[in-house]
Every structure is written in structure tokens, then in C-alpha cells.
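First comes the structure, then the notes that go with it.
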Number of protein chains: 2
Amino acid sequence: MKIEVIKGGLCAVKGVRAYGIKEGNKGLALIEGGGKASGMFTTNKIKAAPVRFTKKQLEKGRISAIIANSGCANSFTGEQGMRNAEKMAELASSCLGVDKEEVAVLSTGPIGVQLDMGLIERQLGEVVKGLTSGEEGSTAAAKAIMTTDTFHKETAVSIDTGNDGQVAICGIAKGSGMIAPHMTTATMLAFIYTDASVDGEVLSGSLEAAVDNSFNMTVVDGDMSTNDMVLLVSTGKSGKISEGDFEEGLTFVCQELAKLIARDGEGATKFIEVKVSGAPSVADARAAARSIVQSPLVKSAIFGERPDLICGRIIAAVGSSVIADDVDLEGISISLKGTKAILAVDNGEFMDFSGVVRIILNGKEIFIDVDLGTGGEAEATAWGCDLTCDYVRINAGVH
Amino acid sequence: MKIEVIKGGLCAVKGVRAYGIKEGNKGLALIEGGGKASGMFTTNKIKAAPVRFTKKQLEKGRISAIIANSGCANSFTGEQGMRNAEKMAELASSCLGVDKEEVAVLSTGPIGVQLDMGLIERQLGEVVKGLTSGEEGSTAAAKAIMTTDTFHKETAVSIDTGNDGQVAICGIAKGSGMIAPHMTTATMLAFIYTDASVDGEVLSGSLEAAVDNSFNMTVVDGDMSTNDMVLLVSTGKSGKISEGDFEEGLTFVCQELAKLIARDGEGATKFIEVKVSGAPSVADARAAARSIVQSPLVKSAIFGERPDLICGRIIAAVGSSVIADDVDLEGISISLKGTKAILAVDNGEFMDFSGVVRIILNGKEIFIDVDLGTGGEAEATAWGCDLTCDYVRINAGVH
């Protein structure tokens, strides 16, 4: 199977128009494009109004448009919040002439504040006028939903269907803080469109698998939002594609978006990829990989480029992850890669390569390969970033 | 039951002598005092040599002496590490003339480095000469085991036995970073002595209950060490005491030590106490309380004194904690207390008292009372501290 990265963002998918505007910290994005749809939602017990609303909308398995705002999460906003989420769907429905029951609504921003519906109505008027199937439409939508993000996040790929045809799978996402590994990560929104013609069941099955191996393996800070949502819509305007190829392409797009979120972690200076292998089960491998990218001590040792601390902290993080009681971790090996590569812990023994480790940690991309050495063959990959003084400053609002 | 806080630290217990020295970041503490003993150990899958060694020593339920070093965790040090832990016990045993099998060994410091046994032997010679039942002995031992701690931690209480008698329960502890809620918290050592005459079973039962409601509810950063240990020894040199009174006194001592660890969290500027009530079960209340004190976003909002963010982040942290699916959290209430007190979220509704909240957050001690409003009556309390730029600087080794 051949995956080619293409330009155009969401608008590279046939049948999709998009646009968005941002005024101060309040933005509005609109995406038009109908078809079978599937979604995944935060597992936080407190779900924002748009999460509960859109989950219901998706019961029929179709979406015709997405309206999303930044600057207010519409979370913990009671009945008024639910009415406002519904009102957003109504407004989009009447602007676009689509069924009100096929409009998805997403919000991101602070919790416990009501939406300014007058502002949303005014912004929507402008956004509708800007709707375009050009690349700039996708970019404008991706920028409109940014909060503490420092860059907008788009990925688009084209896949050969094997019958001289091509289908596109394209997504935009936002996310920078409140990112933790559950369902979806956290204040993390992703909209993925495809013009491949895909069954509803394949759509939801592929989405679950792709999210599990991408957003759910991405940690910025370990906090979980009340607003996470990933939506997948198939316009069906291109050909069919095998189930396996579709899932592979979708996973690629989700992983690219997840890595962009990790790279843009609040205050991050370094990108971290952790691959755990040699685990007795995939669940063990996933737990260990996430434990490493979530550990404040591992993350701050990477920020501080500390060759003397990094491996000990990785081992403590592996040991504290949920791994069956009878697993022996004395044969663990750790390789560090980046601008150079080194086997820093070899079958349980600490090697003295602190000079090389320092050079690796000095780079902007750190790849940590951990072989648990249990004799198992399961593996998993997780993504994250370092923990910096700026993360604290951003979230404390101090300078 | 009357608990009176007294002076003297460990040495307020009849039959205990202690001393310690610290040279640079390498310290050694020795405590002499024999009796029935119980211990609790890290649940990290990778356990340091002294943890495995001391767990085995405790199988007979007696301890005659404790030797503890700082500056090297003797963790992930293979067979050499186990030999060194045993050697430490032998050295203490021959200095004090006690049974080698009744010496507990504890270590704290960086992982993956072998002990300098020559240094330990030399330091032990000096420490033995200093052993004293005076207050200064306990303080010297508490100071010797400090790592990133900024102050030493001692607590001592006297309890009326009801028969004109008094028993003492006294402890020292160390801990500042790598503190997370499992068994014991993390790179957290605590030695507790009592001269009450207590059965072995009561000793271990009371210790489990006390640790569960103290150290296990304390979070600095959510990282779990490979070296955590809490030891409880009864010299039995004073009278008997009822089981209930003993557990209450022991819990008090453990909570005081746990709070000292929270106050001394790496980089901390504020102490946080979270009480969750109105939960359907104690497990729910504990999970919610720990989730709040562990949330980087809650902790950084407190550091930044942000009245606009604190309640939303508390709610997201509660929602992400493991609480049964069918629990309705829409009726949650949050009170903030400190220099003032305010009901900030009333039965699901955000109140606008940002001025008062700002004054409370400006204080050094923040008390957060969360009533989940589920109709349940279970409650739990957790302790922690704010997340500051200095936490990152300390653990990154940057300035």
C-alpha cells in the first residue's frame, strides 16, 4: 500500500468546504461535507454540552456539517449549555441548508463559562461567506480552533486504491495542554474527512483502532479534558478501498496529527517518541510507554538534558506502570536516539556513555526505545514532550 | 483519647538511640532500638536492593536497628547491590552487637549507581560514636537522610493509655520529589517507633490503615520511586494501649509526616489539602481527591493564583478520576478555604466570587472541599502542593 502525503488539508477531500475566523481568543470554524460518520469522545465523567449533544447527533451515523468554536468549552454550563450547543447546530443548519440533526458541534476553551451566542452568530455569518474547497479554507478552520496551540495542525494523504484510483484521508486538529491518554487525549479536537467510500461499521472500527494507536498514546500533561472529540466523516465521492488499507491510512493521519499535538505541547522544547518492545502483552507495552511519556521526572530530565538521571527515571516509570506482578524487569534495555544513537542500558546494566547521551538529549527530537526483556514480543509507541518552566508559566498565567 | 504533640522526635520513644551525619549529598543514619516490627514497601515493579533485602529481614517480625543512607538509591544495581545491602546490615550488626537478621536497610538517591561501601563504613564509624537518646540524635538522623528536602521531618506524640500511663509514637521521614500515591508515596522513607507494647498483628494492621490514609494520599509529582519504605518498630518499654487508640495515634503521626512531605514538595510555594465528600464509596472519594492533588493544571492554577481557572480544572480532574459510570456529578459543590472561605461552586453552579478566591489563592495554605453531591456519604482527604517553575528547574537541573 502506498501512502502519499499531499497538500490541501481537509479540502483535499472531494466534497469538503471549510473556513474559519479567529478574533482574539474566540474563533469559529465551519466544515461542510456530508456522509457517513463516526466519532470518539472523552471518557471524562463530566462531559461538556457539545460532547453530549454531538454523541447524540451521531447515533444515526451521518454528519453534514461541523461547527466548532474556541475560547469557551461550553462545559459545566447546565441546561443553558445544552440549549446553546443545539442553537449552534440550528444556526449552521439554516446557513447551509442541511438537516439540523446532521450537524456536529465542538467547543474548546475554559470550563464553566456560557457561550456568547451573539458573537457566534455574527462570526458564523462571516465564516459562511468564506467557505471554500481551496487549501486556505482548511487552514483557516484549523487556525480558528487553536487555543494555546502555537501552530495549526493539518495532515492529508492520498492512497492508491489499487484500481487506478486514489482516495484522500485528511484531518485537522487542535491540542496543546490538558493532553492525557484516555479515549482521546484531552482538550483535543480532530476532524478527519475522507472521500473513500466506506461502510459505517468499517468507519467506526477503523477510527477506534486508529485513535487507540495515536491520540490515546499522546501525553502532554496527563490532564483529561471534558471536551475531547474526534470525528471521522466519509463523503464517499471517490472509490472504494480495502478495509485494511483504509485503517492503515487513517492510523497514519491520526498519528501525524497526534505527533503534531505532542510537538506543540504547552511550553515544549523537545519532542519525545517512546517505543516499548519485548512486553508480555500489548496492554503492558502501552502502559509502560505511556508511563514514560507521562512522568514529570523523565520529562524534566529531558528538558534539562541530564544524562545522569534519564535512564533511572525511565526505569522507575516503567516499574510503576501497570504490569503483571510476575514480570521480571531485570533484563531491561534502553536505547536513546536522536542526533546520535546509543545503547544506554544493556540487559539491565547501565553503560557509561554520558557524553553521547548528552549530545542526544541536546537535540530537539528524542527517541527512546525500551526493550523490557521479558521474552514477550508485544510493543507500543507513545508520543510526548518535555516538561519545561514555560509549561508551568502558561498554565499558571505567570511570566 | 488525648494526643499530645511532644518534642524529642524518635528519641522520645523509650529504648531508642539515633544519630546521623551528612557530607555533601551523602548521608548515613543509624537508629538503635529493638522490638516487634512491620513495614510497607513501594509497589513499583522495580524494587531497589534495600527494599527487597529489608522486606525479607522483616519476615520474622523483629527489628533491632535501622541503617539508612542518602545519595545513592542502590536501585537497579544487580547482585552487587544486594551484596552491598547485606553488607550494610552486617556493618550495623557488628557495631551494635545486634543480630544481623534484625537490621533494616534503606537507601535513597539516584538510581543505577553502586554504593560507595568505603564511605559508608567510614561514616558508620562516626555515627555509632554519636548515638544518643537525646533529641539531637533524632534530628541528626532525620537530616542525614534528606535529599532534595529543604527541611528535616520529625513528629512525636504522647498518648494517654487510660491507666495513668503514657506511650509515645514518634517518626522521622524524608521526601520531596518522586512522590505519588501508591503503597507508600515515593522516594519517601519513614521510620516510626513506639514504646507502646503492641502485638505484631496490630502493628501491621494499624500501619496499613495509617499509611493508606496518610502517605498514600500525598502527591508531589505523581512519580513512584523504587525505594519507598515505611518501618514501624515497637520497643514495648511502656504500657499497653487499646488497638483503636494506637491506630488513631499512629495515623496522626503518619498524617503529620505526610503533610510535612507535601509542604516540602520540590519547588512548592503552597500547601494544598483536598477533602472530597458526598462520594458513593471511599474508593471513589480517594480517587477523586488524589486526582485533584495530582493534576498539573490544578497545581499550576494554584501556583499562578488563578480564580478564573481553578474550579474548572478541579471539576475536570474529578471527572477524569475513576468513578463508577452511573454517577451524576452535576450537583458538585466546591468550597475554597485559607485566609478566607467561599463556596465557589454551589450545587453545580459557578458563583462569581473571583475577588475572594484570589485572596484565598494568594495564601500559603489552600484547603479545597469538594462535595460530589451524589447523595453518598463517603469521604477522603489528600495532600499536595502547587506545581512551580522551580519544580521543573530542580528536576531538570537548570537555573
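Computed from the coordinates by the stated procedures, all read-outs in this text should not be read as laboratory data. Remember, it's a predicted structure, so these values are computed and weren't measured experimentally. In this analysis, Cβ positions are derived from the backbone assuming ideal geometry, glycine residues included, and neighbour counts consider all displayed protein chains.
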Of all residues in segment A:14-48, which are within 14 Å of chain B (Cβ to nearest Cβ) and within 19 Å of A:A141 (Cα to Cα)?
-> A:N25
Pairs, please: C-beta under 7 Å, at least 6 apart or cross-chain, first residue on the phi > 0 side of the Ramachandran plot and touching a residue at least 24 places away in the same chain (Cβ under 8 Å) and in segment B:292-321, second part of a helix (DSSP H, G or I) and charged (D, E, K, R)?
-> B:E305/B:R358
Going through segment B:113-140 one residue at a time, which ones are outside any loop (DSSP other than H, G, I, E, B) and hydroxyl-bearing (S, T, Y)?
-> B:T132, B:S138, B:T139
Looking for whichever is of a type in the set (A, V, I, L, M, F, W, C) and either within 14 Å of chain A (Cβ to nearest Cβ) or surrounded by fewer than 21 Cβ atoms within 10 Å (Cβ to Cβ) (or both) here; the options are B:M88, B:M82. Which one fits?
-> B:M82
Please find, within segment A:324-337, the residue that is nearest to the other protein chains (Cβ to nearest Cβ) out of those that are touching a strand residue (DSSP E or B) at 6+ places or on another chain (Cβ under 8 Å) and either crowded, with 21+ Cβ neighbours inside 10 Å or within 16 Å of A:G373 (Cα to Cα) (or both).
-> A:I332
B:V51 among the β-branched types (V, I, T) and more than 14 Å from chain A (Cβ to nearest Cβ) | no
When A:L361 is run through (1) among the hydrophobic types (A, V, I, L, M, F, W, C); (2) within 27 Å of B:F41 (Cβ to Cβ); (3) within 12 Å of chain B (Cβ to nearest Cβ), the failure sits at (2)
Identity of the residue in segment A:283-323, acidic (D, E) and surrounded by 19 or more Cβ atoms within 10 Å (Cβ to Cβ), that ends up nearest to B:D390 (Cα to Cα) = A:E305
Go through segment A:9-36 residue by residue and tally those that are of a type in the set (G, A, S) and in contact with a Lys or Arg (Cβ under 6 Å, 6 or more places away or on another chain).
-> 1
Given the structure, is A:F76 of a type in the set (F, W, Y) and touching a Cys at 6+ places or on another chain (Cβ under 9 Å)?
-> yes
Among (1) within 14 Å of chain A (Cβ to nearest Cβ); (2) over 20 Å from the mean Cα position of the chain (by Cα), B:D386 falls short only on (2)
State whether one or more residues within segment B:369-377 are closer than 23 Å to B:N216 by Cβ and within 8 Å of chain A (Cβ to nearest Cβ).
-> no
Which of the residues spanning segment A:68-109 are in a strand (DSSP E or B) and under 22 Å from A:N44 (Cβ atoms)?
-> A:A68, A:N69, A:S70, A:C72, A:A104, A:V105, A:L106, A:S107, A:T108
Leading residue by the ranking (nearest to B:A378 (Cα to Cα)) among those in segment B:280-297 that are within 12 Å of another protein chain (Cβ to nearest Cβ) and in contact with an Asp or Glu (Cβ under 8 Å, 6 or more places away or on another chain) = B:S295
